[in-house]
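S.K.: Okay, here's the structure, questions in a sec.
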Amino acid sequence: MAMTWLWTGMIALSLVFGWLNGTLEAVSAAAGTGAQSAVELCISLAGPLCLWNGVMEVLKACGGLEGLSRLLRPVLGRLYPAFRENGAVMEAISANVSANLLGLGNAATPSGIRAARGMAESSPGVASDSLCMLVVCNTASIQLIPTTIAAVRTGAGCATPFDILPAVWLASACSVTVGILAARLLARLWRER
């Protein structure tokens, strides 16, 4: 509901300022051009997103996600100690992390929701430390291959969409590290209260 009011307010302000400045026609033209560009960008993103979502499905079907889950289990077990023995939750977390590693936030969402539901069963009505950690790690995810960003850059006409890899690796490693440390610190401070 809040976004409805925000967008309505932005459109109304644009029209008012366009009218006050005598550039109402330019505002209307920009709105039409912007909408057309948005549709073109969405269509250009569809191919790469379908490709990488398909890769995730193939990994799931051939057991690759199970192997990746076993590989990630020691690290994820330390981040989520309360669910170390819960195979379903750990598998969902592993799938979420795997999708995020490939830069597929949209493919990570269903497994993240599955993991969150599994975690919420142990503490109904209260966000546990593990659930908060899941939200932090999912939001600040480490990306090895930023496919969505590369697809956007390709759609915008970039000839070398993956030349941002070192910056993405550094930024995502820093954000995950700071997020994990903050979640741990806040969990400890909350328990001491």
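The values are calculated or read from the model by the stated rules, or taken from the named source; none is laboratory data. Computed from a predicted structure; not experimentally measured. Virtual Cβ from ideal backbone geometry, glycine too; neighbours counted across all protein chains shown. When the accessible area is computed, the model is the full protein with side chains, heavy atoms only, and any ligands, DNA or RNA have been set aside. Shrake-Rupley method; radii C 1.70, N 1.55, O 1.52, S 1.80 Å.
S.K.: Quick check: convex hull over the Cα atoms of the chain, volume per residue in Å³, rounded to an integer? Mind dumping the intermediate values first?
M.R.: Values: hull volume 34.1 nm³, N = 193.
About 176 Å³ per residue, rounded to a whole number.
S.K.: Per the Debye formula with a single identical scatterer at each Cα and no solvent contribution, what log10 I(q)/I(0) holds for segment 21-113 at q = 0.11, 0.25 Å⁻¹?
M.R.: The Cα Debye sum returns log10 ratios of -0.48, -1.20.
S.K.: Please compute the Kirkwood hydrodynamic radius over segment 97-173, one decimal place, Å, based on all pairs of different Cα atoms.
M.R.: Details: mean 1/r = 0.0730 Å⁻¹.
In segment 97-173 this quantity evaluates to 13.7 Å.
S.K.: Quick check for you: with a 1.4 Å probe and neighbouring chains kept, what is the accessible area per residue of segment 1-127, in Å²?
M.R.: Ligands and nucleic acids excluded, the result is 64 Å² per residue.
S.K.: At 1.4 Å probe size, what's the solvent-accessible area of residue 33? Round to the nearest 10 Å².
M.R.: Here the residue's solvent-accessible area equals roughly 80 Å².
S.K.: Principal axes first, then extents: for the Cα atoms of segment 13-63, list largest minus smallest coordinate on each axis, whole Å, largest first.
M.R.: On the principal axes, segment 13-63 reaches 62, 17, 7 Å in Cα extent.
S.K.: What do you get for Rg/Rh over segment 45-159 if you use C-alpha atoms and the Kirkwood form of Rh?
M.R.: 1.02
S.K.: Here's something else I'd like to know. So, by mean Cβ neighbours within 10 angstrom, what's the order for 10-17, 44-51, 86-93 with the highest one leading? Could the numbers behind the result be given before it?
M.R.: Numbers: 10-17: 11.9, 44-51: 13.9, 86-93: 19.9.
Output ranking for 10-17, 44-51, 86-93: 86-93, 44-51, 10-17.
S.K.: Quick one: pull the percent of accessible area on the chain belonging to carbon and sulfur, 1.4 Å probe, ligands and nucleic acids left out. List each step's numbers first, then the result.
M.R.: Working: 8630 of 12260 Å².
Reported share for carbon and sulfur atoms: 70 percent.
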